[in-house]
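A short write-up of the structure that comes next.
The values are calculated or read from the model by the stated rules, or taken from the named source; none is laboratory data. Since the structure is predicted, the reported quantities are computational estimates derived from the model, not experimental observations. Using ideal geometry, Cβ is built from the backbone for each residue, glycine included, and neighbour counts are taken over all protein chains shown. Surface areas here come from the heavy atoms of the whole protein model, side chains and all, with no ligands, DNA or RNA. Shrake-Rupley method; radii C 1.70, N 1.55, O 1.52, S 1.80 Å.
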Amino acid sequence: MKRFISSFLCVTLLLTAFPLFASASKEKTTEKLLLELCSRFPHGMYWNHVGSSKNDPDCVTDTPCTNHANISWDSPEKTCNSFDNAIQCMGFAHKIGFEIVGTSPRTWEKSEKLVASKLRVGDIIRYRDNRHSLTVTAVKGNTISFVDANWYYGCGIRWAKMDLSDMPGFSYVLHDKSNNRKNTNVDFYLTAVEKGEQAFAKLEKTTERWRAPGKSALKVYSSFSDPKSKLGEIPIEAYFRASDKKIVGKKVWGKVKYGALSGWAVLNQCEFISGNVNAAKVIRTSSLYPSAESFDVSWSAVPGAAVYRVDVAAEYGSYSASLQTKTNSASLVFPQNGRYYVTVTALNSRLPSWSVESEPYAFSAVNKSEIKLSSVKLSKSTATLLEKGSLTLFAEVSPSFAGNKRLTWKSSNELVVSVSQSGKLTALSPGKATVSCTSSDGSQRSAFCAVTVLPSAVSGVYQKPGATKAKRLTVYWEKVNGADGYELFRYDAKAKKYVLLCETKKTRAVCKGLEPGNKYVFAVRAFKTCGNERLYGALSKGKTLLTNPAAPSVSTKISGKKTVISWNSVPGATGYEIYTLKGKEFVLAKVLSASRTSYSKKYAKKGQCFVLARTRADKDIYRSAKSRIVKG
């Protein structure tokens, strides 16, 4: 009651100092008029006449309406105020619109188009599918400042901001053609809100937050040196901001601001709360929540909070609940369908009088079957697989309490990748595809994963004896399914890397300009062309291949009754083969090791022979070209 009397006296003083009449409203500047309205209809108060049986549209109290639901503007038992044959949010909007423009909104034009550039201070917007009204107080770009009542329970007054793109269920705008109110640079939201996160976030770092004493209202003066310059009072335990301290004797004076009241007050008798502390911001993951079922709600942490008190109140009816938690989340239950308001207050047991209260956050409870998915997210937005590889994607849906969470999985190209209804991907051939995951509840929520399937790694790199020469060889490899071509690389020992030799659509390639009897390391990779992009498989393991040894230089000489065949040592050779003429054909006469460079046999008249250098790779033998044929 004391708080009510104090607020009533404050409003009475302000009304006496700044009388508002319809005939005079247009004569005042927009800034001055709105400042007066901030004082007459403060943020957080209630537009009603609780405690009185008579409707009074100029009355505000600190108590919510006692019989708020299902009443009309002319109901005798109502405690909500009415104006212009309208009650609650619409009545309040008409009241403020009348105060600003000076004419009854019932006579204004109605437009069903919402254009920010055409809005004026005092215009009334009806939205939430024709269930709520607000009055515009400022326009900046696509953002409006506004004042309304009954957004939360009990005809509570709110000064706030909104981006027009976020306005739900726009219905119409009421506008008076004679309204030529100009916009103002004053932030009336910041002026009116005493306990709002956004408001305190905008304060300067030197600004402090205080609470008026609990026994008597705080007197505010225009000058700390003149006790007769009283401007007004800050109500008991009301929050206000202070800066620019002055110490006079034992008194600490501060420059204080409360609504439109700005001046000097003694801070010694007040309680210091905090500097720039933001109230908790409740995180709503859905526009609808299930009734009669538990769900989790979280909010932003408040510095200095040891515990949070969560208060829940139904918009209509008498249901209310309260709980405390040390974390910034809690499980809530709304007992039945309807609209509920959740307020989070930060507390600290070491500072019993310290608290930071959030604004009421509205929640709508409905049957679970009515709640549809608002978003679908996948564990990966891109994925790369090798042919025949697999991967399982996991889908996260929101809200988690939706009535139908079934999802449908689909691949845009099932020749490239297939997907099961559990989210398992299987790569079938090189290429690209998009895997989609779509809700089945009609909400048309989807998530996508771009899948790239690379060609398999090339295997089976080898050479053939018949296709190998001293200065060139042919490299062979196994075919890769779905590949459009291949790239052949040779390892450069000096550069210590593989160097591209050529590309081909075949499974073989000829390498020239090699040295006889040398070893070379080759690797191959496959590629698939997708539009202007190439998809490369992994480079195969390096395979060591060798060229044939050079042909040896052979000579003969007679030594007694034997013929001695000699040849030079051939680099890379692991042995030698001696062929002699037998009849009309040369046959292998002897195989010698690499350490031997001569061979002797009994003298044979008209005998002929030649020598081959040989080497071995895997199970194959690679031979040089034959030497010149010599006579024994």
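Brief remarks follow.
- Against the rule of thumb 2.2 N^0.38 Å, how large the Cα Rg of the range 398-542 comes out: 1.52
- The simple Förster model, with R0 at 25 Å and r as the Cβ-Cβ distance, assigns residue 598 and residue 626 a FRET efficiency of 0.90.
- Residue among 499, 127, 318 farthest towards the positive dipole end of the chain, charges placed on Cβ: 499
- Proximal lysines relative to residue 377, as straight alpha-carbon distance under 18 Å, when same-chain residues fewer than 8 apart are discounted: 405, 410, 424
- Computed E for residue 617/residue 408 - FRET, C-beta separation, R0 56 angstrom, nearest 0.05: 0.50
- Calculated FRET efficiency for the pair residue 381/residue 459, C-beta based, R₀ 45 Å, to 0.05: 0.90
- Sites matching trypsin sites (Lys or Arg not before Pro) across the range 527-601 that sit in DSSP coil, with at most 15 neighbouring C-beta atoms within 10 Å: 541, 561, 584, 596
- Probe 1.4 Å, protein heavy atoms only - accessible area per residue of the chain in square angstrom: 51 Å²
- Label-point separation, residue 584 to residue 298 (7 Å along Cα→Cβ), nm: 9.5 nm
- Rg over Rh for the range 510-632 works out to 1.23, both radii taken from alpha-carbon positions and Rh defined as the Kirkwood radius.
- P(r) histogram, all alpha-carbon pairs of the range 285-341 included - 10 Å bins from 0, percent: 21, 52, 25, 3
- Projecting the alpha carbon convex hull of the chain along each direction and taking the average yields 46.9 nm².
- Shown are 558, 125, whose ranking by accessible area with a 1.4 Å probe and every protein chain present, most to least, is 558, 125.
- In this simple spin-label model, placing a label point 7 Å from the Cα along the Cα-to-Cβ direction at both residue 444 and residue 538 gives a separation of 4.3 nm.
- Full-stretch length increase - residue 287, residue 569 - with 0.36 nm per residue and alpha-carbon distance subtracted: 92.6 nm
- For the chain, with all protein chains in place and a probe radius of 1.4 Å, 50% of the accessible heavy-atom surface sits on carbon or sulfur.
- Reach of residue 118 by Cα under 24 Å, taken over lysines that are not fewer than 8 positions away in the same chain: 26, 28, 32, 95, 110, 140, 161, 177, 182
- With the simple spin-label model, which puts each label point 7 Å out from Cα in the Cβ direction, the residue 492 to residue 131 separation comes to 7.3 nm.
- Between the range 453-470 and the range 291-311, the alpha-carbon centres lie 66 Å apart.
- Enclosed volume per residue, in Å³, of the convex hull spanned by Cα atoms of the range 205-295: 152 Å³
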